[in-house]
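Written below as structure tokens is the structure these notes are about.
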Amino acid sequence: MNLKKFQAVKYRNIEECDISFSNGINVLCGSNAQGKTNVLEGIYFFSRGKSFRGAGDKELLKFGEEAFSLGIEFEDKRRSHTLKYIFDGKERKRYHNGVKENKVSDVLGYFKAVIFYPEHLQLIKGGPSERRNFLDVAVAQWRPEYYKYYSDYKKVLENRNFLLKCMQRGMYTDPAETEVWNEAMARTAAKINIMRREYLEGLEKYASVLQRDISGKRENIEIYYISDVDGENEEDTEKKYREILSENIKRECEAGVSLFGIHRDDIDIRINGKSSRYFASQGQQRSTVLSLKMAEGEMCFSSSGEYPVFLLDDVLSELDERRRDYILSLGSEKQFIITMCEDCIHSQNKNVITAEMGSFREYR
Ligand code: ATP
Ligand code: MG
């Protein structure tokens, strides 16, 4: 996948911009608050269908303005594409190759990107929900049907929790009332559990090679999926969920909430056998998240035959020279868009785009 252009009008702090990218490494260079992260956010918008910073359209709209637009031009291995998004304060319009599409899902899946954002370091030190969130987005990019299982699960969980809350309050007394939801939960949880495990197995394979290379063979990464249920296959996993749910139904009724299921799972990322959550240094956290993100790109390649565009926000600070050089050496077959405050990359093979107030100028 090769991003050619990013265009924005009255988006965030950008009045208007039209930035061209080349293959390999592109550096977005400028001082603090010039809009570098905003540009990455605008590009990634087309991969997720929303802001990765959790911003709504009103926040993306430039202060005091009424409408904004975002657009990208890119090529995949088959053809060129354009995607455009317009928000005029009320209506949202989406276009693929100039043709209006109605739903977000109609424009998702064309443009694939992986983003590294400093807050993603929470993936290591933060709580389990940060790691589950990473996993859910990554697995859905790898196997799009994951979205459906995941949203089915969420609905089941909501209904089951409602019922358990009623039980807790004595509105229902027979735990058998939950059986239909136990069944549905076991079925959907098993699917998700298996897909996550499969994904992590692949991810670990790639991430461990990357981590070894990035650290000059000093660090070995292992990834473990932590769950109440570890089945041999989907059928066995479903059976085990069913057992665990029926065995613990009394406890859950007392708690008024679902105590078991994939919404409680976690990932243990170990560096040289030690949990990174407790023992990784700042540089190690950064390089581990980077290895995971690069591995996410490899998983995407394994399922679609195409590398996503790598958007790396302020990634090189805190990395020593060897780790930096290693990251940059990956840009020969993949496209990188890297933001930084000053141009500290000495590679010949790059495109530097310098930010000025509200606009970006390109240097080759
Ligand atoms: P840094 O190097 O510090 O990370 P940056 O270049 O990545 O800076 P951005 O995070 O892209 O900076 O933000 C640039 C500016 O955009 C910020 O000052 C922010 O207040 C401003 N901004 C964010 N949303 C809007 C908006 N809706 N309208 C106008 N300005 C906005
Ligand atoms: Mg920034």
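The values are calculated or read from the model by the stated rules, or taken from the named source; none is laboratory data. Remember, it's a predicted structure, so these values are computed and weren't measured experimentally. Don't worry about glycine lacking a Cβ; one is built from the backbone with ideal geometry, like all the others, and counts go over all protein chains shown. Keep in mind that these areas ignore ligands, DNA and RNA; they rest on the heavy atoms of the full protein, side chains included. Shrake-Rupley method; radii C 1.70, N 1.55, O 1.52, S 1.80 Å.
Determine the dipole magnitude for region 140-189: charges of +1 sit on the beta-carbon of Lys and Arg, -1 on that of Asp and Glu, nothing else is charged, the reference point is the Cα centre, and the result goes in debye to the nearest 20. Can you show the working numbers first?
Numbers: 8 positive and 7 negative charges, 52 e Å.
That gives region 140-189 a dipole magnitude of about 240 debye.
Calculate, for region 213-321, the solvent-accessible area per residue in square angstrom, rolling a 1.4 angstrom probe over the heavy atoms of the protein chains.
With the other protein chains kept in place, region 213-321 gives 44 Å² per residue.
If you roll a 1.4 angstrom probe over the protein chains with everything in place, what fraction of the accessible area of the chain belongs to carbon and sulfur, to the nearest %?
Numbers: 8060 of 17250 Å².
Answer for the chain is 47 percent, counting heavy atoms of protein chains only.
Go through Asn272, Leu210, Val27 and say which Cα lies farthest out towards the positive end of the charge dipole of the chain; charges sit on Cβ, +1 for Lys and Arg, -1 for Asp and Glu.
Sorting the options by dipole projection puts first Val27.
What distance in nm separates the two pseudo spin-label positions at Asp325 and Ser129, each 7 Å out from Cα along the beta-carbon direction?
So the two model labels end up 4.3 nm from each other.
In a shell of Cβ-Cβ distance under 9 Å around Lys112, excluding Lys112 itself, what net charge do Lys and Arg (+1) and Asp and Glu (-1) give? Could you put the intermediate results ahead of the total?
Values: positive: none; negative: Asp76, Glu306.
With Lys, Arg at +1 and Asp, Glu at -1, the neighbours total -2.
Just to check I understand the Karplus step: with θ = phi - 60° and J = 6.51 cos²θ - 1.76 cosθ + 1.60, what whole-Hz values come out for region 270-281, glycine and proline as x?
Calculated HN-Hα couplings, in order: 10, 10, 6, x, 10, 4, 5, 4, 9, 10, 6, 6 Hz.
Using only protein heavy atoms and a 1.4 Å probe, report how much of Arg92 is accessible, in Å² to the nearest 10.
Only protein atoms counted, so the area is about 110 Å².
Along each of its three principal axes, how wide is the spread of alpha-carbon positions in the chain, in whole angstrom units, largest first?
Principal axes ranked by extent give 70, 53, 37 Å for the Cα atoms.
Compare the Cα positions of Thr237, Ser129, Ser287 along the charge dipole of the chain (+1 at Cβ of Lys, Arg; -1 at Cβ of Asp, Glu; about the Cα centre) and return the one farthest towards the positive end.
Working it through, the farthest residue towards the positive pole turns out to be Ser287.
If you average the C-alpha positions of region 313-336 and of region 125-188 separately, how far apart do those two centres end up, in angstrom?
When both Cα centres are located, 38 Å separates them.
Note down the magnitude of the dipole of the chain about its Cα centre, charges +1 on Lys and Arg C-beta and -1 on Asp and Glu C-beta and zero elsewhere, to the nearest 20 debye.
Here the chain has a charge dipole of around 520 debye.
Compute, for Phe52, the solvent-accessible surface of its heavy atoms (probe 1.4 Å) with the complete set of protein chains present, and express it in square angstrom to the nearest 10.
For Phe52, solvent-accessible area is about 40 Å².
Give, as a single signed number, the net charge of other residues whose beta carbon lies under 12 Å from the beta carbon of Ile226, with Lys and Arg counted +1 and Asp and Glu -1.
+2
I'd like to know how region 100-220 sits against the 2.2 N^0.38 Å rule of thumb: what's its Cα Rg over that expected value?
Values: Rg = 19.2 Å, N = 121, 2.2 N^0.38 = 13.6 Å.
After normalising by residue count via 2.2 N^0.38 Å, the value is 1.41.
Dipole magnitude of region 196-332 about its Cα centre, charges +1 at Lys/Arg Cβ and -1 at Asp/Glu Cβ only, in debye to the nearest 20?
Values: 20 positive and 29 negative charges, 110 e Å.
With Lys and Arg at +1 and Asp and Glu at -1, about 520 debye.
Here is the link list: Lys100/Lys155; Lys50/Lys125; Lys10/Lys36. Which ones come out longer than 19 Å on Cα distance? Show your work: numbers first, answer last.
Numbers: Lys100/Lys155 31 Å; Lys50/Lys125 25 Å; Lys10/Lys36 15 Å.
Correct reply: Lys100/Lys155; Lys50/Lys125.
Charges on Cβ only, +1 for Lys and Arg, -1 for Asp and Glu, centred on the Cα centroid of the chain; of Ile226, Gly54, Cys166, which one is farthest towards the dipole's positive end?
Gly54
Where only protein heavy atoms count, and the probe is 1.4 Å, what is the accessible area per residue for region 69-166 in Å²?
Working: 4980 Å² over 98 residues.
Value for region 69-166: 51 Å² per residue.
Over the alpha carbons of region 195-258, what is the largest minus smallest coordinate on each principal axis, giving the biggest first in Å?
Here the Cα extents, ordered largest to smallest, are 52, 26, 13 Å.
Can you give the extra length, in nm with one decimal, that the chain gains between Asn13 and Phe63 once fully stretched, where that is 0.36 nm per residue apart less the Cα-Cα distance?
Values: separation 50, 0.36 × 50 = 18.00 nm, distance 0.77 nm.
The Asn13-Phe63 span can extend by a further 17.2 nm.
Taking the Cα centroid of region 245-274 and of region 47-116, what is the distance between the two, rounded to the nearest whole Å?
Value for the Cα centre distance between the two parts: 37 Å.
Sum up the lysine pairs in region 177-256 that clear both bars: alpha-carbon distance under 21 Å and a spacing of 8 or more or different chains.
On the way: Lys191/Lys239; Lys191/Lys240; Lys205/Lys217; Lys239/Lys250; Lys240/Lys250.
Here the count comes out as 5.
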